[in-house]
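Notes follow once the structure below has been shown.
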Amino acid sequence: MTSTWVPYLIVAAGLLFAGIYCLLAMRNLIKLFIGVEIISKAVSLIIVATGFAKKNILVAQSLAVTFIVVEVSLVATALAIIINIYRHTKSLDIRKLSRLKG
Amino acid sequence: MSVQILLLIGLVLFSVAAVLLKDLIKAAICLAAASLVLGILFFRMGAPYAGAFEISVVAGLITVLFMLTIALTKTGGDVAESKLARVAFPLFFILFLAVDVIVTKNLVQKIVALPAAPEAGAFGEVLWKQRTLDLVGQVCIIFAGVLAVLALFRKRSKDNDD
């Protein structure tokens with residue numbers, strides 16, 4: 001049982017690392033959000049894979065569906081905020097947001 | 001099993017490409033491809049509803065939203081990324097994966113696993129009867145998201161406009 005679980009755990013951790021690296025190193029706001037999306041993929045993979053390994057796939061599946069709905073409303077709100085930031089600063093550079101004066 | 005491993009490798013490759021690619025549209029398409037692969041993985045794990053949601057909503061709707069945002073912010077979209085970060089990423093990633101494989105293999109054997117309890121019933125029963133509060137939460141979150149987008153895109157009245 002654990003042997004089927006291990007590759008999913010390894011890949012999910014790798015995706016989490018890729019997403020966090022993207023959040024730390026990139027400067028474009030949309031790129032940063034792609035990092036958040038990669039992290040959310042890692043989370044939904046680990047939810048369903050754990051359900052698969054523990055033979056609890058139905059509960060895991062319903063949790064994954066809930067997570068996807070949460071993710072969509074997060075994406076809609078965050079992209080709206082990004083568009084508003086772009087209208088305000090005329091740029092997508094995260095460094096320009098460090099100034100408090102608009 | 002080998003198909004699963006190939007799909008997992010594809011998922012990692014598409015995600016890494018989404019991080020590394022300079023062109024935002026190509027990065028968004030790579031993200032959609034990663035979602036597609038993840039959806040196929042869900043199907044193969046016996047979670048068809050989650051797979052259908054992943055493919056239709058994440059690979060479809062979210063990609064469309066990304067494309068719209070990229071199109072709306074096209075003129076200011078060129079942000080100089082640090083080259084060092086881009087070059088160092090594959091190195092760090094391979095290093096992390098090596099550590100990850102060793103740690104996870106050793107850790108999983110040491111963790112006392114909870115007993116697996118096979119469940120019966122259909123997906124609909126579990127979702128509607130056991131996870132009812134989750135559904136209420138989902139409705140609230142969708143409503144909150146709609147209100148947030150409306151608030152962000154509202155037209156300012158002349159009095160408040162500075």
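Points to keep in mind about this one:
- Lys, Arg +1 and Asp, Glu -1 on Cβ, resulting dipole of chain A about Cα centre, debye, nearest 20: 480 debye
- For the protein assembly as shown, convex hull of alpha carbons as volume per residue, Å³: 143 Å³
- Separation of segment B:34-100 and segment A:1-41, taken as the distance between their Cα centroids, equals 9 angstrom.
- Relative packing of peptides A:80-87, A:4-11 - highest average C-beta neighbours within 10 Å first: A:4-11, A:80-87
- Computed log₁₀ I(q)/I(0) - Debye formula, equal Cα scatterers, no solvent, segment B:1-74, q 0.11, 0.19 Å⁻¹: -0.29, -0.75
- A:V36 - accessible surface, heavy atoms, 1.4 Å probe, Å² rounded to 10: 50 Å²
- Listed by chain and number, the lysines placed with their C-alpha closer than 23 angstrom to that of B:K22 are A:K31, A:K41, A:K90, A:K96, B:K74, B:K83; residues fewer than eight positions away on the same chain are left out.
- Residue mean of other protein chain beta carbons inside 10 Å, B:53-65: 4
- For residues of B:25-37, the mean tally of beta carbons on other chains within 10 Å: 2
- Label-point separation, B:L61 to B:Q109 (7 Å along Cα→Cβ), nm: 4.4 nm
- Separation between Cα centres of segment B:1-29 and segment A:49-81, rounded to whole Å: 20 Å
- Shielding by other protein chains, A:19-32, mean Cβ within 10 Å: 5
- Gyration tensor (alpha-carbon) shape descriptor, chain A, a/c threshold 1.5: oblate
- The charge dipole of the protein assembly as shown, taken about the Cα centre with unit charges on the Cβ atoms of Lys, Arg (+1) and Asp, Glu (-1), comes to about 660 debye, rounded to the nearest 20.
- Oblate is the label for chain B, because a/c, from the alpha-carbon gyration tensor with a ≥ b ≥ c as root eigenvalues, is 1.5 or above and a/b does not exceed b/c.
- For chain B, with +1 on Lys and Arg beta carbons and -1 on Asp and Glu, the positive-most of B:M45, B:L133, B:G145 along the dipole: B:M45
- Taking a point 7 Å from the Cα of B:F92 along the Cα-to-Cβ direction, the residues of segment A:39-62 with backbone N closer than 15 Å to it are A:39.
- Ellipticity estimate at 222 nm from DSSP helix runs (n ≥ 4, -39,500 (n - 2.57)) divided over chain B, nearest 500: -22000 deg cm²/dmol
- Sum of -39500 (n - 2.57) over DSSP H runs of 4+, divided by residues of chain A (222 nm, nearest 500): -29000 deg cm²/dmol
The values are calculated or read from the model by the stated rules, or taken from the named source; none is laboratory data. What you see is a predicted model, and the numbers here were worked out from it, not measured in a lab. Quick reminder, even Gly has a Cβ in these numbers, built from the backbone with ideal geometry, and neighbours come from all protein chains shown. Accessible surface is based on the protein model in full, side chains and every heavy atom, while ligands, DNA and RNA are left aside. Shrake-Rupley method; radii C 1.70, N 1.55, O 1.52, S 1.80 Å.
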